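Below is one structure; the comments refer to it alone.
The values are calculated or read from the model by the stated rules, or taken from the named source; none is laboratory data. Just so it is clear, the structure is predicted and the values come from calculations on it, not from any experiment. Ideal geometry is used to build each Cβ from the backbone, glycine not excepted, and the neighbour counts take in all protein chains shown.
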Amino acid sequence: MQLRPLNLIPHDTNIDFVSKRMFAFGVTILLMIVTIVSLYMNGLNLGIDFKGGILIEAKAETAVNISALRAELNGLNLGEVTLQEFGSPDDVLIRVQRQDGDEDAQQHAIKLVREKMGTSYDYRRVEVVGPTVGEELFEAGLMATIFAILAIALYVGFRFEWQFGVAAFAATLHDVFVTVGLYSVLQLDFNLTAIAALLTLAGYSINDTVVVFDRIRETMRKQKANDLKAVINASVNQTLSRTLMTSGTTLLALLPLLLIGGPTLVPFSLALAWGILVGTYSSIYVAAAFLLYMPPLRRMEKPKR
C-alpha cells in the first residue's frame, strides 16, 4: 500500500495572492509604523546583559531548585533577577540588575543575595558588570543580526538572481524588525536571549522564502510564456501546504514553552511564535511580490530534454 503525502491544501488551489499585495503591503507598513513609534516612545527594555549588573556563579551541594531560589531572591526587591543552570544541575548563574548608586550599593546587593542563599553554596565567581560592557554587548548583538541578514541576502542573490537577494533582504529585515517591535510594545526583556531569538527567526524566515523563490525559478523554466504575476501565484499556491505545515508544527513545538516554560523562556518563545506568524505571512504575500517592482528577471532557459 502506497502512502500519500499529507496535504492541508488541495493540489488545485488557485488563490490570487498577487492581487492582494496592496493589502499585504498595508499591513506591513502598519507594523513598521507601530514598531518605529514604539521604539521612539518606549525604546527597548534592556536586560541585565546590556544594562550591566551583578553576576554570581555558585555551586550547591545538591541540585538547585531554580524556581524556588528565584522566588526567594525576588523577595529581596533588587529589581530584575535571572537564574539559569550553569553546566550541571548543582551549578547556578545568577544575574541581578545594576543597583542605583555607587559601588557600595552593588556590594550591598551582593551581600543580601549571599545571606539569602546561605552558606551551603560555594561562590565561585562574583562580578559587577558595568554599563560600558553592556553597551558593547548590545552593539555586538545588533551588528551580528545585521550581518546575518546581509549574508542571507548575498547568498540568495548568488544562488538565484540579485533581485531575489534584494527581496529576501527586505522580507527578512521586515520579519526581524517587527519582532523587535514586539519587544518594545510589550516591554519584554531584551537581552542576549532576544538576540538569539532574532537570529533564529532570520534563519527560519529565509527558509520559507527560499522555498517559494526556488519554485518561482522552476515555474519560470517550465512556463516561460507566463507573466511574472501568474508565475508568482502558481509558485505560492504550490508551496502553500508545505509553508503552513512547517509553520504549524513549529508553533505546536513552541506552545509548551509558552504555557509552562516559566518567566525566563516566555519572552524568547513569544518572540519566536510572533516571528513565525509574521514570517509565514511575509513569505506568502510580501517576499515574492517585491519582485514585481524590480527590473525584470532574466529569462531562464528551458531544461534540456
Tell me yes or no: at least one residue of the stretch 54-64 is over 25 Å from the mean Cα position of the chain (by Cα), within 25 Å of LEU188 (Cβ to Cβ) and not β-branched (Val, Ile, Thr).
yes
Determine, yes or no, whether GLN187 is at pLDDT 80 or above, surrounded by fewer than 22 Cβ atoms within 10 Å (Cβ to Cβ), touching a helix residue (DSSP H, G or I) at 6+ places or on another chain (Cβ under 7 Å) and of a type outside the set (Phe, Trp, Tyr).
no
What are the residues in the stretch 154-168 that are surrounded by 20 or more Cβ atoms within 10 Å (Cβ to Cβ) and aromatic (Phe, Trp, Tyr), if any?
PHE164
With the condition kept exactly as written, say whether any residue in the stretch 244-264 is surrounded by 20 or more Cβ atoms within 10 Å (Cβ to Cβ), part of a helix (DSSP H, G or I) and touching a residue at least 40 places away in the same chain (Cβ under 8 Å).
no
Residues being out of contact with any strand residue (DSSP E or B) (no Cβ under 7 Å at 6 or more places or on another chain), in a loop (DSSP other than H, G, I, E, B) and over 30 Å from ALA197 (Cβ atoms): count how many of those fall in the stretch 110-153.
3
Which of the helices (runs of 4 or more DSSP H) found entirely inside the stretch 14-98 contain at least 3 residues meeting this: out of contact with any Leu (no Cβ under 7 Å at 6 or more places or on another chain) and at pLDDT 80 or above?
21-41, 66-74
